[in-house]
Amino acid sequence: MKNLFFALLIVSISISCTTNKMSYEDEIKLVQYELNLQYADAEESPLTEEDLKTFKALEFFEIDKKYRVEATFELTPNTPIFEMPTTTERLPLYRKYGIARFSLNGKKIELSLYQSQSLLTDIEYEDYLFLPFNDASNGTTSYGGGRFLDLKIPSEDSKTIVIDFNKAYNPYCAYNGKYSCPIPPSENTIPIEILAGVKAYGKHH
C-alpha cells in the first residue's frame, strides 16, 4: 500500500508517454515521482528512521510553467574559489561560474550559479552547476533554509540558461539534522515567493 501512489503515478505517466510526446506537466511529474521513489528507499532516503515508517510522498506546489524561465547567462571567468558556509563546520569549495538574469512576476532577478570544485574530476558531474536560493516563501510554505536547483553548463556559444523552479528541492537538512547542507549565499535571495517545487516537509519549516 505504501508504494501504491508511486505505482499509479508511473503507470499514468508511462501511458501518456506511449500515446504522445511527454507534456511539460508529465515531465515534472516524472521528476517528482523519481524524488519520491528515492525518499521511500531506506538505503537512499535522507528521512529519519521514524519518518520513513510513515512516509507516503513529498508535498509539491502546483506545477506552474511560469516558474520555468529562460534567463540570460553571463560567464564570470577568473572568479576566486571560496568556502561556502554550511549548517555545520564543513566548508565545501565553490566558484561563481556565472550569473543568470530574468524577470518573474514583475521583478528583475539576478542569481549566481556556482561550480563545485570537488565534482570537477567526476565525469558524471563535470558539467554540473549548483543554484541555492532563498525566497519570500521561506519558513511558511517552503523550507526556511532555502532550496536548491541542479543545472547543466550551457553550450559554449549560449547566452541563455533555463531555470525551472518546478524542479527545486529541499536540502537534506530539511528532513534530518544529521546532514551538513550549504547555506544559500545572501546574493541569491529572491524578493518574491517562488511557489514551485518541493514544499516544506511536515513540521520542518
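Calculated from DSSP H runs of 4 or more alone, at -39500 (n - 2.57) each and per residue, what is the 222 nm mean residue ellipticity of the chain, nearest 500?
Result for the chain, helices only: -6000 deg cm²/dmol.
Of the listed peptides 68-75, 170-177, 141-148, what is their order by residue-averaged count of other C-beta atoms within 10 Å, with the highest listed first?
Packing order, densest peptide first, comes out as 141-148, 170-177, 68-75.
Calculate how steeply helix 24-40 sits against the longest principal axis of the alpha-carbon atoms of the chain, using the helix alpha-carbon long axis, and give the answer as 0 to 90 degrees to the nearest 10.
80 degrees
Looking at Leu91, Val162, Ile194, which one has the Cα that reaches farthest to the positive end of the dipole of the chain (charges on Cβ: Lys, Arg +1; Asp, Glu -1)?
Of the candidates, Ile194 comes out farthest on the positive side.
How far, in nm, would the chain grow between Asn78 and Asp51 when pulled straight, counting 0.36 nm per residue and subtracting the alpha carbon separation?
That pair, Asn78 and Asp51, stretches by 5.3 nm at full extension.
Match the structure shown to one of the listed values (1) 1.05; (2) 1.39; (3) 1.96 of Cα Rg over 2.2 N^0.38 Å, computed from it, and give that label.
Read-out taken from this structure: (1).
Note the count of lysine pairs whose C-alpha atoms are less than 23 angstrom apart in segment 65-188, limited to pairs 8 or more residues apart or on different chains.
So the count of such lysine pairs works out to 22.
Below 8 Å between Cα atoms, with a sequence gap of 6+, how large is the relative contact order for the chain in percent?
23 percent
We did not get these values from a lab; they are worked out from the coordinates using the rules stated. This structure is a prediction, so every number in the text was calculated from the model and none was measured. No Cβ is skipped: glycine too gets one built from the backbone with ideal geometry, and neighbour counts run over all protein chains shown.
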